[in-house]
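Below: one structure, written as structure tokens.
Read the figures in this text as sums done on the coordinates, not as results from a lab. No experiment lies behind these values; they were computed from the predicted model shown. All Cβ positions, glycine included, derive from the backbone under ideal geometry; neighbour counts span all protein chains shown.
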Amino acid sequence: MTTRFFCQPLLIIGVCFCLSSGMQAQMSRTKAAREGAVKGRVVDENHAPVAKAEVYLQDQRLTIKSIRFVETNAAGYFRIDHVAWGMYWVFGRKEDAGYPDQGFAFYNDSRSPKVTLSPSSPVKTVVIRFGPRCGKLAITITDAISGKAIQGALMLRRANDPRKYLGITAWSGPILVPSNTDIEVEVGAKGYDSWPPKTARATEGTIRVKPGEVYSLAVRIKRSNP
Amino acid sequence: MHISEAPSAPIRITALVSRYIPTRTHSTRFRRRAVGAIICTSIATTLFPVPSVYSQSSTPYPPGGYRIPVHSRTSLPMPSTPSIFPLFIEDGAISSTVTLINSSGLSTYASLSVRNAAGQTWDSRRYPLAPHATVQIAVADLLREMGLNLQYGSIVVSQSSGLHRPSIVGQLTLADRASGFSSYAEEEMAMPGILDSQSLRSVAEAADRSLQLAVSSMSAQVQHVNIRCTRGGVTLNRQETIPPEGQVIVQPCDSPDTSATAAASATAPAALSVTTDGPNGQLAAYGITRHTNASTGNEFIGALQFIDPHSFNSSSLVFSGVSSGTSLTPLNAGEYRSEIALANFAKSAAHIAISVYRTSAADGNQVASNTINTLLPPLSAVQLPLGNLAPQPDQISSVIVTSDIPPGNVFAKIISTADTAPYQLEQLVKDSLDGRNGGSHPWTLADDSSSDLILFNESDSAQPFNIAIEVPGMVEWEKTLTILSHESRTLSIGDLIAQKVADDRGRVIPASAKAGTLLWHTAGPGEGLGRLLIRSPNDLSFHSFSCGQTYVICNGEPLDLGTITVGQQETAFATADYCIDYTGGLQCTGDYGYSGLPQYADWLTSDSNVATVSGSGAQGTIYGISGGIATIDASMYDLFGCVADATGDVGVAPQITGISPSSVYIGSNNVQITISGNGFGTAPSVSLPSGVTIASQSATDSQITLTVNTSYSATIGNGDVSVTASGVASNAETLLVDGPGYMTVNLDTYGPCPGCSTTIERRVSYQIYNVSGTTTNLGNQVISENVSVGTNSCTPAGTPFFNTCAEGRTTSASGTFTDVWSLQSDSLSPSGCGVPINYDHWQMCFNGNPKTFGTLSGYVHTNSININGYVVPPYSNGMSAGTRINP
């Protein structure tokens, strides 16, 4: 502890500083005994480092808590400290670059790493791989009669794996959608019939986008019969 | 006995007492020898419906009502001297009813006893009287209770010994139904006293039938009286002997001489006098005149009022608000034309000036005045036509009769007649310098009756009249009216209620008010006269009260002052107690009459640097100068020379006009705040919201500069800031302690949890906002949760993980965070199991002073998640963007 080196016991102020620093050091040692860290690097589909990507851990247990994001540096490296012992998924995202939140199964191909931290293995190093980049769905929802915009809800589902879906009721701007795969789109709003109608789902509501492509979809929905 | 030496009793316990000031700059024509004896005069014809609220006696009011006035002799009685109705008649044709009114604000009682012509006395009942209450007693019932069979006699009234002044006024109504048509005569209660003389006088209008006169003795000795009637130039004298406390009834103008001269004079007006050889003030007299309507043959009676000529203070007689034309006459009745009967008892001729003052009721302007001059020979009586004194319906006329001979020698009576019933109305006369400056009258609106106060200022200058309308248990309505010289004015109580006319304090009489008491007074004698007229459109009833009292200011009531701010003005009202004092204002004390507004007051302040005050009457205007407390004094006075003080403290509060900035952020230090305003003085004390402390302060009278620290323990939200200067606190202005106050939904998503196929996960991104609606200071802040969960129904049952302050989880740079709710495993059973979330308080950690900015509740199941009632799936049930979550 270098701080002790600077401690001057003959000075009252220094004594206080020394004690304070000493306490901090003691607390650090205590935390170190209970917490570990996850570090690593984020790379894209071309194995290039991704800077300013957000990385987070997710408990694999009953969770009612917020997500703690850390940001990668210019070389794509990150480090998450003060992590309690346990098993975690390690996810990343950089949505403005077309890389969605891997924590959603809808986007994830199960390639995200899992780590287990313990006193015997307090630090783990992982590589998070992004890609391929998503396309975007720009959707507008309006009342079929009045033409007024409606704040509706979306259900996005992979056509080839319906277990991977994402329900969304609040969003702004285009929504990332996996590229080069068929995505079934369903639109709903309270008091309105969903779109597309069930009888037309085989032919309507499926989109496919290329990486970086923006797919515009204007949906007009009708009020439900009372 | 000298009245001014009578012991004065404590009437009301108040902080302030009145004092007598011998002289005032205000002129007074009132002579100190003036009497203030109570007289109740009234006029009534036909039925007067007395509401039950007045009738506190078990005796119902008889058919009939108050009618023709009878001025009993005025006198200066001893407080304990009983009063007397000189004549009652119960002969089968005429019946009598006594009405007693407690004109004081004190509870009392009256006792009635009956005397016959021989002077025998029968004690009778005691009648309790609440303040301002009225009781009516049918004399027939009274006689029946006593087992008496009397046709004539007198009634003596004694009041509670607890009252120190005669506070009970009364009248006796004679109802004549002999001809099948009812007519009425009113008889006032007389209060003889040792300061009265040995004479009584009256004037009778012309009548076609004999008049009757009753003379009653109050003496324990035999009295020999001479009764004189002068009519048509013929004078008749009768000598009668009255036994102790006895009575004689005579027809003084009927002569045994049946000559043509005597017969011709039978229809002329008459001058009547009664003189005794007994002690002073031991007689009372009352008479009735008898008439026949020429066209219908209906008979009716009139009244003769006898007054001690020595009781007059002036040679001017006043008739206030004459009933004439269709003005102040019975509703739905005919048109009345007026005449005046005049009698001169002096041995010299009198020059008489009859001045008529006509006022437009619409605007109070005097529209006309004219004077009739006549010469009245010595020892004579005449009757002159006055015509219609109110040619327009909205006009009111009052009359002043002035003579050039000493007071008490000229008597007058105004009679107004119509061709239909009621055939005759008689107008009361008052001495212009009557010592009574007020009245107390019961009013009613029952049976569609109208109650109108008629006021007349007989003086040569404008005068304030104090009006108080009391409705028991409801309101005391007070107003001071200024009435111009010789102006007559009516005040309709029905209109006041219907038009919601506010009094001087902004109060109105409730619409439900149907009866009560009306009181009025002027500041001194000779300033004005008034009477209350009650009329019904249904039965031609016509009832006039003009009971008079002397009201002197006797107590000031504390001023009810609040707190004003610097630069603000407040209207204050001084209130005084007025006592009934028949001594003419020599003592400034008496029995409590009522509380009202003073006409005159000098307003003073103890510290004009704190507050100034201005005003000349009941209303004072206080103006705040600087923070502090000043004592305001209203020195109230009347024109009798009585003074009372009303005082109170007014707090002048400093005023805050602005605070800049208007908010401080929680946890901030060394923030400078400027409080603008005035009246701060040099050492103000500033009160700030809890948790906001002053590090330094400087102040001028108009600005305070503070450096403040706001701890994390402060309460987020609006708090009050006030400044106290010289012990008085300012208005409170708002200072916002800003901080996280709520959050809104940015993104609400759900899908399978990582690695899951069936169990779902819900992620919601929230934006935190300050209570001010901004997002400043919310980025990179440590947040945590205070969570309460129920029993986990899953197997295996896991313990939920949530954020703690120690964990150091922070918001994003823009103040957002993403919350994840999920059971995170497909390996749970049974299907759909989960855990209820009782509450999930999201908080800023704030160094151990957590502040909740959003509260969630719901449940987490494997297949559905409920947040604040938004249950997904289905996907469309999620929270919309912008959904607000409060703490």
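Please list, or write none, the lysines whose alpha carbon is within less than 28 Å of the alpha carbon of A:Lys198, excluding same-chain residues fewer than 8 places away. Straight-distance partners of A:Lys198: A:Lys136, A:Lys148, A:Lys164, A:Lys190, A:Lys210, A:Lys222.
Straight Cα distances below 29 angstrom link B:Lys430 to the lysines B:Lys347, B:Lys413, B:Lys479, with same-chain residues fewer than 8 positions distant left out. Proximity of backbone amide H atoms, modeled 1.01 Å from N, is registered between B:Ala346 and B:Leu379 at under 5 Å, excluding neighbours fewer than 5 places apart on the same chain.
The share of Cα pairs per 5 Å bin across the range B:590-723, counted from zero up to the longest distance, runs 2, 10, 15, 14, 11, 9, 8, 8, 7, 6, 5, 3, 2, 1, 0 percent. Pairs of Cα atoms nearer than 8 Å and 6+ residues apart set the relative contact order; for chain B it is 10 percent. Sorted from longest to shortest, the spans of the Cα atoms of chain B along the three principal axes equal 143, 63, 51 Å.
Contact order for the range B:798-887, expressed relative to its length and based on alpha carbon pairs under 8 Å spaced 6+ residues apart, stands at 22 percent. For the range B:820-878 versus the range B:293-345, the inter-centroid distance based on Cα atoms is 95 Å. Taking 20 °C and 1.002 mPa s as conditions, the range B:599-640 diffuses translationally at an estimated 203 µm²/s according to Stokes-Einstein applied to its Kirkwood radius (Cα pairs).
Between the amide H of B:Ser111 and those of B:Tyr127, B:Ser158, B:Gln159, distances stay under 5 Å, these residues lying 5 or more places away or on another chain, with hydrogens modeled in the peptide plane. Of all beta bridges that DSSP places with both ends in the protein assembly as shown, some 95 percent have antiparallel geometry. In order along the range B:687-702, the Karplus-derived 3J(HN,Hα) couplings, from 6.51 cos²θ - 1.76 cosθ + 1.60 at θ = phi - 60°, round to 9, 10, x, 3, x, 9, 10, 8, 8, 7, 8, 9, 8, 10, 5, 10 Hz, and Gly and Pro are given as x.
Separation of the range B:687-737 and the range B:381-430, taken as the distance between their Cα centroids, equals 74 angstrom.
In the range B:366-458, the inverse of the mean reciprocal separation of distinct Cα atoms equals 16.6 Å; this is its Kirkwood hydrodynamic radius. Ordered from longest to shortest, the equivalent ellipsoid semi-axes for the range B:459-617 are 30, 21, 15 Å, each the square root of 5 times a Cα gyration tensor eigenvalue. Principal axis extents of the C-alpha atoms in the range B:291-341 (largest first, rounded to whole Å): 41, 24, 16.
Near B:Asn298, once Lys and Arg are set to +1 and Asp and Glu to -1 for all other residues with Cβ below 13 Å from its Cβ, the sum equals -1.
The mean count of C-beta atoms from other chains within 10 Å of the C-beta of residues in A:67-77, rounded to a whole number, is 2. Using only alpha-carbon positions in the range B:178-247, the gyration tensor eigenvalues give semi-axes of 25, 18, 13 Å once each is multiplied by 5 and square-rooted (largest first). Principal axis analysis of the Cα atoms in the protein assembly as shown yields extents of 154, 86, 56 Å, listed in decreasing size.
Phi angles of the range A:119-136 translate, via the Karplus equation with coefficients 6.51, -1.76, 1.60 and θ = phi - 60°, into HN-Hα couplings of x, 7, 9, x, 10, 10, 10, 9, 10, 9, 10, 9, x, x, 5, 7, x, 10 Hz per residue; Gly and Pro are given as x.
The C-alpha radius of gyration of the range B:278-372, expressed as a fraction of 2.2 N^0.38 Å, stands at 1.43. Among rounded, prolate and oblate, which fits the range B:740-887 when a ≥ b ≥ c are the square roots of the eigenvalues of its C-alpha gyration tensor, a/c under 1.5 means rounded, and a/b larger than b/c means prolate? Prolate is the answer for the range B:740-887, as a/c is 1.5 or above and a/b outweighs b/c. The equivalent ellipsoid that matches the C-alpha gyration tensor of the range A:86-226 spans semi-axes of 35, 15, 14 angstrom, in descending order. In terms of surrounding Cβ atoms within a 10 Å radius of their Cβ, A:Thr116, B:Thr490 rank from fewest to most as A:Thr116, B:Thr490. Counting neighbouring Cβ atoms within 10 Å and putting the fewest first, the residues B:Ile837, B:Ile675 line up as B:Ile837, B:Ile675. Peptide B:751-762 has a mean of 6 when you count, residue by residue, the C-beta atoms of other protein chains within 10 Å of its C-beta.
Direction-averaged projected area, Cα convex hull, the range B:308-448: 9.7 nm², rounded to one decimal. Ranked by the mean number of other Cβ atoms within 10 Å of their residues, highest first, the peptides A:65-76, B:550-561 come out as B:550-561, A:65-76. In order along the range B:369-375, the Karplus-derived 3J(HN,Hα) couplings, from 6.51 cos²θ - 1.76 cosθ + 1.60 at θ = phi - 60°, round to 8, 8, 10, 9, 10, 8, 10 Hz, and Gly and Pro are given as x. Taken residue by residue and averaged, Cβ atoms of other chains lying within 10 Å of the Cβ of A:102-108 number 5. For B:Gly408, the amide hydrogen comes within under 5 Å of no other amide hydrogen, counting only partners 5 or more places away or on other chains and with H modelled in the peptide plane.
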